[in-house]
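Reviewing the structure listed below.
The values are calculated or read from the model by the stated rules, or taken from the named source; none is laboratory data. All values derive from a computational prediction rather than experimental measurement. Note that each Cβ is placed from the backbone with ideal geometry, even for glycine, and that neighbours are counted across all protein chains shown.
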Amino acid sequence: MALTATMYRFGIQLSDVDRGVYETLELPIARQPSETAEYMLTRVLAWCLEYTEGIALTEGVASGDEPAVLVRDLTGRITAWIEVGAPDADRVHRGSKLAGRVAIYTHRDPAMVLGQLAGKKIHRGDEIPIYTFGRGFIESVAAILPRRASLSITVTERQLYLDVDDQSFSTTIEERRAG
């Protein structure tokens, strides 16, 4: 018998002071059986930190050729290709050719992700940011994340403050470059 995805539902108060984005959002997300809680949480944070009109979550690890998060304009053209985890260089290269903007959000060791991409042919690789969170942040939040939760996310000066129901977490969003 095949395993099915587990549904999570988040009510999100997003205050991204750095970008001037203030939204109240509802986010249903399917966590695939092969997807870790850390990967799913990183997908949620990437979606929030990139939030704009036309943004969509894909099926995550089950999405095949699509990134974890993408943004389309009104014509359906992909304008942003957002990878999560430790994506293969060929995927990043393809995404960079398809979209005006590419970014990677990772819950993995950034040195490992950079090492995996180093020396590979990646279109506009030096323009691709790799965002990481402070050590232990993703793991701590993922360990307590319920299937239904109210999330309050505030970003100011690259500091991320996250409240999950009644528990508070914070971290610095660090940026590195793929190229």
With criteria (1) surrounded by fewer than 19 Cβ atoms within 10 Å (Cβ to Cβ); (2) of a type in the set (Gly, Ala, Ser); (3) at pLDDT 95 or above, Ala30 comes up short on (3)
Limited to the stretch 33-64, what total is found for residues that are of a type in the set (Val, Ile, Thr), farther than 20 Å from Thr79 by Cα and buried (at least 18 other Cβ atoms within 10 Å of the Cβ)? 2
Neighbours by Cβ (under 6 Å, 6+ apart or cross-chain): first from the stretch 145-159, over 20 Å from Thr172 (Cβ atoms) and in contact (Cβ under 8 Å) with a residue 60 or more places away in the chain; second of a type in the set (Gly, Ala, Ser) and surrounded by 12 or more Cβ atoms within 10 Å (Cβ to Cβ): Ser150/Gly11
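So if I check each of Pro33, Pro67, which one is in contact (Cβ under 8 Å) with a residue 24 or more places away in the chain, assigned to a loop (DSSP other than H, G, I, E, B) and within 27 Å of Ala178 (Cα to Cα)?
The unique qualifying residue is Pro67.
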Let me confirm something: among Thr24, Thr6, Thr52, which residue is more than 23 Å from Lys120 (Cβ to Cβ), under 17 Å from the mean Cα position of the chain (by Cα) and of a type in the set (S, T, N, Q)? Thr52
Give the stretch 36-58 a look and list any residue that's in contact (Cβ under 8 Å) with a residue 60 or more places away in the chain and part of a loop (DSSP other than H, G, I, E, B), or say none. Thr36
Which residues, taken from the stretch 139-154, are under 15 Å from the mean Cα position of the chain (by Cα), over 18 Å from Leu14 (Cβ atoms) and of a type in the set (A, V, I, L, M, F, W, C)? Ala142
